[in-house]
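Okay, so here's the structure we're looking at.
Any read-out appearing in this document is the output of simple, stated calculations on the displayed coordinates, not a laboratory observation. Please read these numbers as outputs of a predicted model, since none were measured by experiment. Cβ atoms come from the backbone with ideal geometry, glycine included; neighbour counts cover every protein chain shown.
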Amino acid sequence: MKVIVCKDYNEVAEKSAALIIKEMIINDSLKIGLATGSSPIGLYKNLIAAYNSNLISFRNVITFNLDEYVGIDRKHPQSYYSFMYENLFKHIDIKEKNINIPNNDLSRMDELAAEYEGKLLGNQRDIQVLGIGKNGHIGFNEPGTALSSETFIIELDEQTRIDNSRFFRSLDEVPKYAITMGIKNIMYAKKIIMIATGKAKAKIINEAINGEIREEVPASILQLHPDLIVVLDEEAASEIENLDIINL
Ligand code: GLP
């Protein structure tokens, strides 16, 4: 594991984007796993800027998003489908057919997880971008999820719904369910870049990095990944106990 500590959110965005841009220059057909939430928005802005400067192209890139709400339409402004178009896809030259976001069509509920799982299995991600929930979730793998989980439909934690209610008019509007890649799918990526910023993430970041690997802290399994880079601002890194040793 490598931990990069940055001054602030903007530097986290620049450094994490630089890691991806470097790989895209070497290989223009990368398969990239993407995340939503506030954490990666700055990263995406930097990717868009690199695209606008003709440094990179997404023409041959294939993307796979981690998760999607179930119970709101894809066209809802807070769906992860809308998030991705607003914050990245509409600004770049990615082909529609190369965008993969879990389908959340309620009329086909029984098929959705297996359908996405099939896509993931044949397409190992070169890079997986990750955020982390305050409760240690990755994607929407909430505490208690089996570390061997594959794509599934999950009932969201109350804490997660409260955290995400800032994007909706009220807590009642926040979906109760989501479809998410499983932890096993996330671990299958060749490289993982996890980003977190702000004091509210400090405690869980230390637990994820230094704590016992356990289902109660889904992100703790990342300790076992052979190529994990954690990009943090000073606040999110402020409770890491043995940073010097980790970065040896
Ligand atoms: C959301 C997403 C996660 C994300 C996390 C943190 O619920 N499902 O993929 O990493 O919460 O979000 P934020 O970056 O806004 O703190």
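So here's what we get for this one:
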quantity: Total formal charge among the other residues, if their Cβ is under 12 angstrom from that of L43, Lys/Arg +1 and Asp/Glu -1; calculated: 0
quantity: Intensity falloff of region 108-202 expressed as log10 I(q)/I(0), Debye formula with alpha-carbon point scatterers, at q = 0.25 Å⁻¹; calculated: -1.34
quantity: Lys pairs, region 1-138 - Cα-Cα below 16 angstrom, 8 or more residues apart or on other chains; calculated: 11
quantity: Shape of the chain, Cα gyration tensor, a/c cut at 1.5; calculated: rounded
quantity: Calculated FRET value between L121 and H76, using beta carbons and R₀ = 22 Å, to 0.05; calculated: 0.15
quantity: Fully extended contour minus Cα-Cα distance, from L171 to A200, at 0.36 nm per residue; calculated: 8.5 nm
quantity: Region 28-58 versus region 136-156: alpha-carbon centroid distance in Å; calculated: 25 Å
quantity: q = 0.29 Å⁻¹, region 189-229: log10 I(q)/I(0) [Debye, one scatterer per Cα]; calculated: -1.07
quantity: Top positive-direction residue, dipole computed over region 1-132 with Cβ charges, set I48, N100, N123; calculated: I48
quantity: Peptides ranked, highest mean first, by Cβ atoms within 10 Å: ranges 27-33, 44-50, 193-199; calculated: 193-199, 44-50, 27-33
quantity: Computed [θ] at 222 nm, deg cm²/dmol, the chain (DSSP H ≥ 4; -39,500 (n - 2.57); rounded to nearest 500); calculated: -9000 deg cm²/dmol
quantity: Kyte-Doolittle mean at least -1.0 and Cα axial length at least 18 Å: DSSP H helices in the chain; calculated: 9-26, 109-121
quantity: Sorted peptide list for 230-243, 204-217, criterion being average Cβ within 10 angstrom, highest first; calculated: 230-243, 204-217
quantity: Region 1-79 shape via C-alpha gyration tensor axes, a/c threshold 1.5; calculated: oblate
quantity: Prolate/oblate/rounded label for region 111-153 (Cα gyration tensor, a/c 1.5); calculated: oblate
quantity: Label-point separation, E96 to I245 (7 Å along Cα→Cβ), nm; calculated: 5.4 nm
quantity: Calculated over region 23-120: convex hull of Cα atoms, volume per residue (Å³); calculated: 96 Å³
